[in-house]
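Peer 1: Starting off with a structure, shown below.
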């Protein structure tokens, strides 16, 4: 009897772990129209309005070295849900989006859904529903 109960517990644990793992997928972000082949593309994957699109407040983030006019990065183990992507071209690799004295960006930036880059779009305008795996294509704006 103890072996049957133990086997049942092990089976339930394996089922639960596999169910959770199966719900995680990959988001690949392809950024094109990069003007200068230098610096980094900073990519942020955001899971809600709070913090969007501030660097350091993303659900997951990566910096990708610019080696061509198009770069890509992949985020793994992303659960199903609503997300948005924000990117900027950190051409001088200083870790931030440089702006002029009026607060206008001096480096390229863009968002998922190619949401309006005039000002910061609302999370709902840049967001997408995610399940399993998805490739997001974004054109850099300068």
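A short reminder: the numbers here are calculations on the coordinates, not readings from a lab. The structure displayed is predicted, hence computed values, not measured ones. Heads up, the Cβs are rebuilt from the backbone with ideal geometry, glycines too, and the neighbour counts pull from every protein chain shown.
Peer 1: Just to be sure I understand, how many residues within the stretch 67-95 are in contact with a strand residue (DSSP E or B) (Cβ under 7 Å, 6 or more places away or on another chain) and over 20 Å from residue 27 (Cβ atoms)?
Peer 2: 3
Peer 1: Being more than 13 Å from the chain's Cα centre (by Cα) and part of a loop (DSSP other than H, G, I, E, B): is that true of residue 69 here?
Peer 2: yes
Peer 1: Suppose we filter the stretch 74-93 for residues that are surrounded by fewer than 19 Cβ atoms within 10 Å (Cβ to Cβ) and part of a strand (DSSP E or B); how many remain?
Peer 2: The number of residues fulfilling the criteria is 6.
Peer 1: Can you pull out the residues in the stretch 114-133 that are surrounded by 16 or more Cβ atoms within 10 Å (Cβ to Cβ) and touching a residue at least 40 places away in the same chain (Cβ under 8 Å)?
Peer 2: 120, 123, 126, 127, 130
Peer 1: Filter the stretch 106-142 for residues that are closer than 12 Å to residue 87 by Cβ and more than 14 Å from the chain's Cα centre (by Cα) and give the result.
Peer 2: Of everything in the stretch 106-142, those that are closer than 12 Å to residue 87 by Cβ and more than 14 Å from the chain's Cα centre (by Cα) turn out to be 107, 108, 115, 117, 139, 140, 141.
Peer 1: On to the next question. Have a look at 62, 57 and point out the one that is farther than 13 Å from residue 138 by Cα, without any contact (Cβ under 8 Å) to a residue 24 or more places away in the chain and assigned to a strand (DSSP E or B).
Peer 2: Testing whether each residue is farther than 13 Å from residue 138 by Cα, without any contact (Cβ under 8 Å) to a residue 24 or more places away in the chain and assigned to a strand (DSSP E or B) leaves just 62.
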